[in-house]
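In what follows, a structure is listed as structure tokens, so that the remarks can point back to it.
The values are calculated or read from the model by the stated rules, or taken from the named source; none is laboratory data. Bear in mind that the values here come from a model prediction, so they are computed numbers and not experimental data. Counting neighbours? That spans all protein chains shown, and the Cβs are built from the backbone with ideal geometry, glycine included.
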Amino acid sequence: MSYILGITSPLSQNPAAALLKDGKIVAAVEEERFTRIKHACDVLYPNNSVNYCLRSENIRLEDIDSINVSWGSASTILKKHISLFSKKPSPILIPNLIYGLKTIRKINKFISNKIPINYYEHHRSHLASTHLCSGFKKSNILSIDAVGEVDSTCLAIGTNDNIKIIKKYDFFNSLGILYHNFTGYLNFIPQWHEGKVMGLSSYGKPNHDLSFIIDIKKDSYRINNPIDNNFSYLDLLKNVFRYKKLEKHLDKNINLSRGYALSKKGISTVTYPFGDMLYKNLGGNYKKEMNKFIQKEADVAASIQKTYEKALISITTRLHETSDSKNFSLAGGCALNCLANYNLSRSDFVDNIFIQPAANDAGSALGAALLEAARHSNVNSKMEHAYLGPEYTNEEIKNTLDKHKLDYQYHEDITGTTTELLIKGKVIAWFQGKMEFGPRALGNRSILSTPSGEETQDKVNRVKNRELWRPFGPSILVEDVNKWFIDGKESPFMTLCFEVKDDKKELVPAIVHVDGTTRPQTVSKENNKMYYNLINQFKRSTGIPMLLNTSFNDKTEPIVCSPEDAIRNFKKIGLDYLAIGNYLVKK
């Protein structure tokens, strides 16, 4: 029996750990779910995540064959920086190199020297996390994020367990960093709120020409990055302090330190170089109000969204022409842009598309473990589901409810009871089974409601303290996806958008975005029987085979993990009921 552990590096945006048993994924979880600090950015070693993975198999760290880190070795980092510096000297590369090398020392500090430690390049880990989980024998693979070591975008072709990289873009040409800059320019939190920019883009028109900042060819792109010989630290500081002014417009409960160029981990020193270019070409900044935006703001969001989509199409075109494959596997933080994924999936050179559910840095921990497993044998790791985190018994749940002295009732048929309340328009937290891996709640740590009420979207947004213009997606029975969505297909991880059919939109207004699309999760009986039965009972009563589904958390917290987290959030936000295990708690 072989156990292989994968972890993220101390520079990770989403610290996590994943465990393979004989090449099969048995556990994977993000550190934020235990620390209760969103993204857990300041965690150097995902200790809680590692411990959970070990507990899930009742083993000790000494039973692990190897620990595999999704970050290059010291020699790899040094070679990459020397190579890039010789091509494009920049003062920004020096601190980036220093912090990259420091990460190696920090990893060794936390891990016993008795266990072999392997280092895999960040983007190769991302590539493995998606191709080796896709079920495709051959696929075109993309990893797109802000930066890993020195690379930001990586194109590859996967054949069985082999991954051949054919093109890399360095961090001077980072699509992730470019999108971060527009996120900050629109007075959202960079590296946190890119999803808000994507949602806002549907309200605008892409009427801004962004060729001053990015040149997109048929099969490539190039970013006009001001970080070069003429870029000074004074320029950098000027942009940093401009972003620092965001604090007066944003929720003070959120730890913003990671988002700024002077963060103590240092990697963010490359993140915000475009400030002056944006202000010069697009005008002044916007004062953010919770539930309002101006049209120009939406137009800027639409422009960067459309520009990112064009760049994505250009590089995927190159991949297809190189491999002649119509299968695509995506990972990296940018792969969570479901609107871009939707437009890619509609291209005539795409038949099948798989997006790693933990496409952010968390998934790279899984990728590193898979790369090590592939060295020794064939990997059998197709991801049918993402339910890889902790679960809790009814006894554990009851003990927690009693500790908080809550009034609750036991229901043998908790799905039937919950269905009746959903039909009445109640907003219910649904806490069941194993926690999901990745940033999407997929029916085990979810807030649910009917998708049919005109007022439901506003109601649930208020429950979660979100902007009222932000959209929601549904969980739909997999056999009904084509009946409700144009060109609908299986999408179990909420990583694709589809257009809602015209004759269905008025039936489910709470999940239809302003552009007519929605981001669904398809639910099968094989992968989540309890959640499937809940939706199916709702369908039998209403004729609607879906529920509005959003993550169970307040906007300042990660998705809940434990019964303790669930009860604290239930008390804090405006939910009507909590269905936790077989127990129902009323507000």
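For this structure, a couple of remarks:
- Residue under evaluation Thr183, criteria (1) touching a residue at least 24 places away in the same chain (Cβ under 8 Å); (2) buried (at least 18 other Cβ atoms within 10 Å of the Cβ); (3) not acidic (Asp, Glu), criterion not met: (1)
- Residues in segment 320-344 that are farther than 24 Å from His180 by Cα and modelled with pLDDT of 95 or more: His320, Glu321, Thr322, Ser323, Ser325, Lys326, Asn327, Phe328.
- Boolean, Ser452 is hydroxyl-bearing (Ser, Thr, Tyr) and part of a loop (DSSP other than H, G, I, E, B): yes
- Among the residues of segment 416-448, the one identified as free of Cβ contacts under 8 Å to residues at least 60 places away in the same chain and within 20 Å of Glu564 (Cα to Cα) is Lys434.
- Total residues in segment 533-544, condition surrounded by 23 or more Cβ atoms within 10 Å (Cβ to Cβ) and touching a Phe, Trp or Tyr at 6+ places or on another chain (Cβ under 9 Å): 1
- Considering segment 1-26, the residues that are among the small types (Gly, Ala, Ser) and surrounded by 24 or more Cβ atoms within 10 Å (Cβ to Cβ) include one that is farthest from Ile115 (Cα to Cα), namely Ser12.
- Candidates Val29, Val43, Val50, filtered to the one that is more than 19 Å from Leu370 (Cα to Cα) and either assigned to a helix (DSSP H, G or I) or under 20 Å from the mean Cα position of the chain (by Cα) (or both): Val43
- Tally of residues being among the small types (Gly, Ala, Ser), surrounded by fewer than 13 Cβ atoms within 10 Å (Cβ to Cβ) and modelled with pLDDT of 90 or more across segment 204-241: 1
- Considering residues of segment 114-123 that are outside any strand (DSSP E or B) and not acidic (Asp, Glu) only, the residue surrounded by the fewest Cβ atoms within 10 Å (Cβ to Cβ): Lys114
- Count of residues meeting criterion [closer than 24 Å to Asn528 by Cα and in a loop (DSSP other than H, G, I, E, B)] in segment 403-423: 3
- Sole exception among (1) in a helix (DSSP H, G or I); (2) buried (at least 21 other Cβ atoms within 10 Å of the Cβ); (3) modelled with pLDDT of 90 or more for Arg55, by number: (2)
- Test: residue in segment 485-508 that is in contact with a helix residue (DSSP H, G or I) (Cβ under 9 Å, 6 or more places away or on another chain), crowded, with 21+ Cβ neighbours inside 10 Å and part of a helix (DSSP H, G or I): no
- The residue list Ser70, Ser75 contains one member that is without any contact (Cβ under 8 Å) to a residue 12 or more places away in the chain and within 21 Å of Leu371 (Cβ to Cβ), which is Ser75.
Let's see how each residue does on (1) touching a residue at least 60 places away in the same chain (Cβ under 8 Å); (2) surrounded by 15 or more Cβ atoms within 10 Å (Cβ to Cβ):
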| site | (1), (2) |
| --- | --- |
| Asn343 | no, yes |
| Asp351 | no, no |
| Ser377 | yes, no |
| Lys382 | yes, no |
| Gly389 | yes, yes |
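- All conditions in (1) more than 28 Å from Asp515 (Cα to Cα); (2) in a strand (DSSP E or B) hold for Ser129, with the sole exception of (2).
- Of the set (1) more than 23 Å from Thr130 (Cβ to Cβ); (2) in a loop (DSSP other than H, G, I, E, B), all apply to Ser12 but (1).
- Taken over segment 455-496, residues that are touching a Cys at 6+ places or on another chain (Cβ under 8 Å) and of a type in the set (Val, Ile, Thr) amount to 1.
- Scanning segment 509-532 for residues that are within 18 Å of Ala441 (Cβ to Cβ) and either surrounded by fewer than 19 Cβ atoms within 10 Å (Cβ to Cβ) or acidic (Asp, Glu) (or both) turns up Ser524, Asn527, Lys529, Met530.
- When segment 308-324 is filtered for residues that are under 24 Å from the mean Cα position of the chain (by Cα) and free of Cβ contacts under 8 Å to residues at least 60 places away in the same chain, the ones remaining, listed by number, are Glu309, Ile313.
- Every condition in (1) surrounded by 16 or more Cβ atoms within 10 Å (Cβ to Cβ); (2) in the same structural domain as Ile64 (by TED's automatic domain parsing); (3) over 20 Å from the mean Cα position of the chain (by Cα) holds for His126 except the one numbered (3).
- The single residue among Asp502, Asp480, Asp487 that is within 30 Å of Lys205 (Cβ to Cβ), modelled with pLDDT of 95 or more, more than 23 Å from the chain's Cα centre (by Cα) and not small (Gly, Ala, Ser) turns out to be Asp502.
- Counting only residues that are in a helix (DSSP H, G or I) and hydrophobic (A, V, I, L, M, F, W, C), segment 537-582 holds 4 of them.
- Condition met for Phe328 (assigned to a strand (DSSP E or B), over 17 Å from the mean Cα position of the chain (by Cα) and closer than 22 Å to Phe498 by Cβ): yes
- The single condition among (1) in a loop (DSSP other than H, G, I, E, B); (2) touching a strand residue (DSSP E or B) at 6+ places or on another chain (Cβ under 7 Å); (3) farther than 24 Å from Ala27 by Cα; (4) among the polar types (S, T, N, Q) that Ser347 does not satisfy is (2).
- Within segment 68-79, the only residue that satisfies the criterion of being surrounded by 22 or more Cβ atoms within 10 Å (Cβ to Cβ) and in a helix (DSSP H, G or I) is Ile77.
- Which listed residue is touching a residue at least 24 places away in the same chain (Cβ under 8 Å), within 14 Å of Ser70 (Cβ to Cβ), touching a helix residue (DSSP H, G or I) at 6+ places or on another chain (Cβ under 8 Å) and not in a helix (DSSP H, G or I), from Ser139, Ser143: Ser143
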